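See below for the structure under consideration.
The values are calculated or read from the model by the stated rules, or taken from the named source; none is laboratory data. Keep in mind the model is a prediction, meaning the values are calculated, not measured. Note that each Cβ is placed from the backbone with ideal geometry, even for glycine, and that neighbours are counted across all protein chains shown. Side chains are part of the model used for accessible areas, which takes the heavy atoms of the whole protein and leaves out ligands, DNA and RNA. Shrake-Rupley method; radii C 1.70, N 1.55, O 1.52, S 1.80 Å.
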Amino acid sequence: IDPEASNLLMEIAELIFLAGHVPNICHVYSETRHNTLMQCLCLLGVQSEHAAATAEDGCSMQLDSHKVKLWIQGLKIFVGTILPEERCACAHIFGCNSMVEQDCFTRATTRCTQQLLAVGNAIAHAKERDYEKVPLILEMYEELATLQPSLQDLLFGDAKDVISQEASTLLGKLGEAALGLLLDFLSLQLNHDLDEKTALDGSILSLTQFVMGFTKVLSEYNGSLNIILPLEEEDAEDSKKRTSVAPWELYVLRLLSHLHLRIVEKSEFYKDERLRYIFLMNNAMYVLEHSHSSVLGISLRDNQTHEKLVLLVEEYATAYLRATWFPALFHLKGTREVFILGKGKDMMKEVKDVKEGFKNFNSAFEEISRVQTTWKVPNPQLRQHLRIIILNQVVPAYSTSVGRYSYVIHNNSVSK
């Protein structure tokens, strides 16, 4: 309300009070301001037809990201700016009569506030199962929880009790909506094809990337999630171990456990055992990297999950090394069992065995190089780690064999 107009309204109100027409001015003012505030909600994008449609036919509106963001913005502006300004205006215009001031403010704002909460309620009942929109529901939950005390302080009398109850009910429904989606997400039975295709190069599964990205976003709401998520029922011994673990942390641990099982399941699609270990190693390293670099890092280290992931990466790296390079090095091992002393046929046989061992190693080395050139290890630290463990295994074994049979190698050209 324009300040000059507000001053004029105050003078008019005082005259009407003296004339004994208090009920009339309360009715006219509250209806006029109610219509204005409803227009404000429309300008903010909080459309009343969403809530009306839900109430009429029992169908839930779709969880539209844009509408949710508009509702959150509308809630902030309406509770943080519009209602306080409306209360100041009523105090200025009707300050000479506190009862009229409270009555006019209540009549002007109650239905608008209920309309705002009704639209939020329609969003909370959305049936759409889009896990990527869980953060939006959590943001609605946090904003409403933050603004609820201010909303209660602004209201008066019976309207205060009614609005407070409706706000608390909406808060509970938003929590239930988020909880339902989060519990469904634990099964990782997603509606899209994130894990339908397994990478041919052993790279990171799309499902792994989505789950870790989703979890990192959710970690920003860990305070609210600790309220929404239930405490898990566990046996007495296990309960003692996890007394200090918050519900959100328990949820993450369960989610990572389910993700690991899905990754192992997907690894069975690889016929090449070596590539399967590359795939498992890449995905375990991705989980380790992203859980360590986000807010999750603290909780995971506290629960020794960080160390378990490190050991898992090492386990897969060792298994890859055994599956890939041990068979190749076995050919060199065969040469170490030959000791050249004799002459004639015995010496010729020993030389032939040495030559055959080196040729087989060279063939195996070429096959490994040719096939594994197309495989990927995206993490630079993991690539460097693999190089080191390969060098530590292959180079010493090859050098030892070359040194032991250097005479045969130089004179018979068995190695390149």
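So for region 83-193, Kirkwood radius off the Cα pairs, Stokes-Einstein at 4 °C and 1.567 mPa s: how many µm² s⁻¹? All intermediate terms of the calculation are to be shown ahead of the outcome.
Numbers: Rh = 15.8 Å.
Estimated diffusion coefficient is 82 µm²/s.
Take each of the peptides 39-47, 168-176, 109-117, 380-388, average the number of other beta-carbon atoms within 10 Å over its residues, and list them starting from the highest. Working shown, then result.
Values: 39-47: 16.0, 168-176: 17.6, 109-117: 20.9, 380-388: 13.0.
Ranked by mean Cβ neighbours within 10 Å, highest first: 109-117, 168-176, 39-47, 380-388.
Place a label point 7 angstrom from the Cα of residue 189 along the Cα-to-Cβ direction, then list the residues of region 119-154 whose backbone nitrogen is under 16 Å away.
Answer for this model: 129-131.
Calculate the translational D of region 76-128 in whole µm² s⁻¹ from Stokes-Einstein, where the hydrodynamic radius comes from the Kirkwood formula applied to all Cα pairs, the temperature is 10 °C and the viscosity 1.306 mPa s. Show your work: numbers first, answer last.
On the way: Rh = 12.4 Å.
It diffuses with D of about 128 µm²/s by this estimate.
What order do you get for 260-266, 247-253 when each peptide is scored by the mean count of other beta carbon atoms within 10 Å, highest first? Can you show the working numbers first?
Details: 260-266: 16.4, 247-253: 20.6.
Going from most to least packed, we get 247-253, 260-266.
May I ask you to compute the full-extension gain from residue 96 to residue 168, defined as 0.36 nm times their residue separation minus their alpha-carbon distance, rounded to one decimal in nm?
Numbers: separation 72, 0.36 × 72 = 25.92 nm, distance 3.38 nm.
Here the answer is 22.5 nm.
Cut-off 20 Å, label point 7 angstrom out along Cα-to-Cβ of residue 17: give me the residues of region 83-100 whose amide nitrogen falls inside.
The answer is 86-100, whose backbone nitrogens lie closer than 20 Å to the label point.
Please report the carbon-and-sulfur percent of the accessible area for region 88-160; probe 1.4 Å, protein heavy atoms only, DNA, RNA and ligands left out. Walk me through the numbers before you get to the answer.
Values: 1400 of 2940 Å².
It is 48 percent, rounded to a whole number.
Extending each Cα 7 Å along its Cβ direction at residue 2 and residue 214, get the distance between those two points in nm, one decimal.
5.4
Can you give me the C-alpha center-to-center distance between region 369-386 and region 68-145, rounded to a whole angstrom?
55
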